Amino acid sequence: GYAAREFAKQGVQPGELAIISKEAVAPYERPALSKAYLFPEGAARLPGFHVCVGSGGERLLPEWYKEKGIQLILSTEIVKADLPAKTLVSAAGETFKYQILIIATGSTVIRLTDFGVEGADAKNIFYLREIDDADKLLEAIKAKKNGKAVIVGGGYIGLELAAVMKINNFDVTMVYPEPWCMPRLFTPDIAAFYEEYYANKGVKIIKGTVAVGFTSDSNGEVKEVKLKDGRALEADIVVVGVGGRPLTTLFKGQVEEEKGGIKTDAFFKTSVPNVYAVGDLATFPLKLYNELRRVEHVDHARKSAEQAVKAIKASEEGKSVDEYDYLPYFYSRSFDLSWQFYGDNVGDTVLFGDSNPKSEKAKFGSYWIKDGKVVGAFLEGGTAEENQAIAKVAKLQPSVQSLEAVKHE
């Protein structure tokens, strides 16, 4: 969707661009699915969150694509890609020829059935990636009113879904193996705030163990979650959020890969001429840290798509565009909370502000300091200006004398 908007800006002609998607709807903002889509009141619905509203842009309804002469080929799954021959084949056996290809297949969820977890194919065990998943979960929320929900996983989806299920008046238990939530980003200090905040909201948290099996009733609906530590939790609904993996299968062996993704340059060109890869599955040069990285976040998905299109247009005109210079950015919203993070979470950390979960309006943050420079910044409860300020700090990487000095500034 973001690529299409950029193509339109660059003056794409009718008939020059097609979007092929296995989903039945035009491109939309995925973050809505774990948040407002599941709210009991004032829920978000399509066409409300088609792209590009998530970044304050115009909403691209299916009519918009028609007006621009961009073909939307929906409910069409590509099952074979032949890059040397520049052809794609759909599940229905249709063949599509292209001159330039942008791979934007994103990630797929890791399923418990992938690991052969016993009973993991029971009904009412949900994953959340596409609007179809969210619709199925909504039906179950209505059918199991005020029931028991078990959330497997303590990352983004785990924390956001635990909040949403609680707002829907479910009895909620979170289960995850790590010693604290969101371990890829949070320090123990940051995590302690959210865990206590959630506990105060009535969410039960069980750490340091995993789900090893599920039992179901005579209708095949999940009834219990069996934990490795021997406990069994009653459940009417289970939501699993244990991570994703880039959807690169179609291109295996045809294109250079690195760090689990498709390797690209600073213009998202792959090792194959006229083939670009953007979003979750691109392993690209992160200029700020001088290394190749893969970033799983909506902000980078949007910006990498725009960068690839600018690069395509420039190469057609024999011009050049600036290299992609990305500042990693992550955010989340749940209950009354809202945090943003910029930069790199490496080195020593300094916590500042009021991180008491019982505070009327807690506001706190953390800096990450490495080699005498601030490299990352996190803020809970910040205003738009304050969030812009921490972004600036992470980008400029100011020098600091010591951790103590930062605490007092």
Taking the criterion of being buried (at least 20 other Cβ atoms within 10 Å of the Cβ), of a type in the set (Asp, Glu) and either within 19 Å of the chain's Cα centre (by Cα) or not in a loop (DSSP other than H, G, I, E, B) (or both), would at least one residue in the range 139-147 satisfy it?
no
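On the given criteria, is LYS407 at pLDDT below 95, of a type in the set (Lys, Arg) and part of a helix (DSSP H, G or I)?
Numbers: at pLDDT below 95: yes; of a type in the set (Lys, Arg): yes; part of a helix (DSSP H, G or I): yes.
Taking the combined requirement at face value, the residue satisfies it.
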For the range 239-269, what are the residues that are outside any loop (DSSP other than H, G, I, E, B) and among the aliphatic types (A, V, I, L, M)?
VAL239, VAL240, LEU250, ILE262
Quick check: anything in the range 148-168 of a type in the set (Asp, Glu) and under 17 Å from the mean Cα position of the chain (by Cα)?
yes
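Tell me which residues, restricted to the range 232-248, are more than 15 Å from VAL164 (Cα to Cα) and either open to solvent by 50 Å² or more (accessible area, probe 1.4 Å) or not hydroxyl-bearing (Ser, Thr, Tyr) (or both). Steps first, answer last, please.
Here is the first cut: in the range 232-248, the residues more than 15 Å from VAL164 (Cα to Cα) are 232-236, 242-248.
Answer for the range 232-248, where residues must be more than 15 Å from VAL164 (Cα to Cα) and either open to solvent by 50 Å² or more (accessible area, probe 1.4 Å) or not hydroxyl-bearing (Ser, Thr, Tyr) (or both): ALA232, LEU233, GLU234, ALA235, ASP236, VAL242, GLY243, GLY244, ARG245, PRO246, LEU247.
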Please go through the range 315-335 and pick out each residue that is surrounded by 15 or more Cβ atoms within 10 Å (Cβ to Cβ), of a type outside the set (S, T, N, Q) and more than 26 Å from the chain's Cα centre (by Cα).
VAL321
The range 275-296, residues that are open to solvent by 20 Å² or more (accessible area, probe 1.4 Å), assigned to a loop (DSSP other than H, G, I, E, B) and closer than 19 Å to LEU185 by Cα:
GLU296
Can you report the number of residues in the range 106-120 which are more than 28 Å from PRO31 (Cβ to Cβ) and either acidic (Asp, Glu) or without any contact (Cβ under 8 Å) to a residue 12 or more places away in the chain (or both)?
2
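Of these, THR105, THR95, which one is over 20 Å from GLU23 (Cβ atoms) and at pLDDT 95 or above?
From the options THR105, THR95, the qualifying one is THR95.
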Test: VAL346 is hydrophobic (A, V, I, L, M, F, W, C), part of a loop (DSSP other than H, G, I, E, B), touching a residue at least 24 places away in the same chain (Cβ under 8 Å) and not assigned by the TED database to the domain that holds CYS181
yes
Take LEU46 and decide whether it is in contact with a strand residue (DSSP E or B) (Cβ under 7 Å, 6 or more places away or on another chain) and either outside any strand (DSSP E or B) or in contact (Cβ under 8 Å) with a residue 40 or more places away in the chain (or both).
yes
Considering only the range 82-94, I want to know if a residue exists there that is farther than 30 Å from ALA211 by Cβ, of a type in the set (S, T, N, Q) and either assigned by the TED database to the domain that holds ASN168 or touching a Gly at 6+ places or on another chain (Cβ under 8 Å) (or both).
no
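Name the single residue that is least open to solvent (accessible area, probe 1.4 Å) among those in the range 11-63 being among the basic types (Lys, Arg) and under 30 Å from ILE100 (Cβ atoms). Show your work before the answer.
Narrowing the range 11-63 to residues among the basic types (Lys, Arg): 22, 30, 35, 45, 59.
Narrowing the set further to residues that are under 30 Å from ILE100 (Cβ atoms) leaves 22, 30, 59.
Numbers: LYS22: 106, ARG30: 84, ARG59: 113 Å².
For the range 11-63, the residue satisfying everything is ARG30.
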Test of understanding: among SER366, SER399, which residue is open to solvent by 70 Å² or more (accessible area, probe 1.4 Å), small (Gly, Ala, Ser) and not assigned by the TED database to the domain that holds PRO31?
SER399
I'd like the full set of residues that are in contact (Cβ under 8 Å) with a residue 60 or more places away in the chain, within 15 Å of THR76 (Cβ to Cβ) and open to solvent by 70 Å² or more (accessible area, probe 1.4 Å), limited to the range 92-105.
ALA104
Scanning the range 119-138 residue by residue, those of a type outside the set (A, V, I, L, M, F, W, C) and not in a loop (DSSP other than H, G, I, E, B) turn out to be LYS123, ASP132, ASP133, ASP135, LYS136
Quick test of your reading of the structure: ALA191 fulfils all but one of (1) assigned to a helix (DSSP H, G or I); (2) within 26 Å of TYR367 (Cα to Cα); (3) open to solvent by 20 Å² or more (accessible area, probe 1.4 Å). Name the failing condition by number.
(3)
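Which one of ALA384, ALA377, ALA389 is among the small types (Gly, Ala, Ser) and open to solvent by less than 20 Å² (accessible area, probe 1.4 Å)? Write out each step before concluding.
Details: ALA384 fails: open to solvent by less than 20 Å² (accessible area, probe 1.4 Å); ALA389 fails: open to solvent by less than 20 Å² (accessible area, probe 1.4 Å).
From the options ALA384, ALA377, ALA389, the qualifying one is ALA377.
The values are calculated or read from the model by the stated rules, or taken from the named source; none is laboratory data. For clarity, every value in this text was computed on a predicted model and none was experimentally measured. Counting neighbours? That spans all protein chains shown, and the Cβs are built from the backbone with ideal geometry, glycine included. The accessibility values were calculated without ligands, DNA or RNA, using every heavy atom of the protein model including side chains. Shrake-Rupley method; radii C 1.70, N 1.55, O 1.52, S 1.80 Å.
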